[in-house]
Amino acid sequence: VEKDKSSNDFAGGDGLTLTLNGTQYQKGLGVHSNSAIVYAIGGNYSYFFGEVGVDDEVKENGSVVFMVYADSQKLFDSGVMTGSSATQVIYVNITGKQRLELLVSNAGNGNDYDHADWANASFIGTGLVVVQPQQIKPQCSDGVDNDVDGFIDMIDVGCTDVNDNNET
């Protein structure tokens, strides 16, 4: 395991900057398949977050599967990822869990080029309010009658409210 660096096949500490699909990460873990990282978390965290993929240093090569287990329960499975796969985001609830396992398998075809990154791997503590991302509808302020109700839309969430009182 390389802290804040990719796994570069040779001696510990030889890794490069963690890089997934052109995005560089200053924090995270670089591993080579097959690997297991186990944390005794003692129920002290609410969420585990990270971004995973095959490091850009191996180009389109490599094939791995990322998995997250908490107290022997699978919380995340990336499916097979290669060097050309999109980065995947992990955001799992680990409230009350005692043990967290971060696993990387070789996807069943050997471990050549299997440089796997757990970028921005982070724990979020208990007691924190975590806001889930929400899809935000556009605010229409383009001076056009988008909902075709005879009024120019000024603040019409989603551009569809025919009873919008904020129209002029």
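Structure summary
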item	result
Long-range neighbours under 7 Å by Cβ, at least six apart or interchain, first residue basic (Lys, Arg) within region 20-37, second outside any loop (DSSP other than H, G, I, E, B)	27/120
Lone qualifier among 30, 15, 83 - being modelled with pLDDT under 95, open to solvent by less than 20 Å² (accessible area, probe 1.4 Å), in contact with a Ser or Thr (Cβ under 7 Å, 6 or more places away or on another chain) and more than 19 Å from residue 102 (Cα to Cα)	15
Among the residues listed as 89, 68, 58, 38, the single one being crowded, with 16+ Cβ neighbours inside 10 Å and under 19 Å from residue 121 (Cα atoms)	68
Search result, residues across region 41-55 that are part of a strand (DSSP E or B) and open to solvent by 30 Å² or more (accessible area, probe 1.4 Å)	45, 47, 49, 51
Long-range neighbours under 9 Å by Cβ, at least six apart or interchain, first residue touching a residue at least 60 places away in the same chain (Cβ under 8 Å) and closer than 16 Å to residue 115 by Cα within region 77-97, second surrounded by 14 or more Cβ atoms within 10 Å (Cβ to Cβ) and of a type in the set (Asp, Glu)	87/51; 87/117
Contacts under 9 angstrom Cβ, first residue in region 107-123 being farther than 17 Å from residue 59 by Cβ and without any contact (Cβ under 8 Å) to a residue 60 or more places away in the chain, partner open to solvent by 10 Å² or more (accessible area, probe 1.4 Å) and of a type in the set (A, V, I, L, M, F, W, C), 6 or more apart	108/65; 108/80
Answer residue from region 101-116, given it is assigned to a loop (DSSP other than H, G, I, E, B) and acidic (Asp, Glu) and is nearest to residue 85 (Cα to Cα) among those	114
Boolean, residue 101 is of a type outside the set (Gly, Ala, Ser), in contact (Cβ under 8 Å) with a residue 24 or more places away in the chain and touching a Leu at 6+ places or on another chain (Cβ under 8 Å)	no
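The values are calculated or read from the model by the stated rules, or taken from the named source; none is laboratory data. Keep in mind that this is a model prediction, so the values were computed, not measured. So basically every Cβ, Gly included, is an ideal-geometry build from the backbone, and we count neighbours across all protein chains shown. The area values use the complete protein model at the heavy-atom level, side chains included, leaving out ligands, DNA and RNA. Shrake-Rupley method; radii C 1.70, N 1.55, O 1.52, S 1.80 Å.
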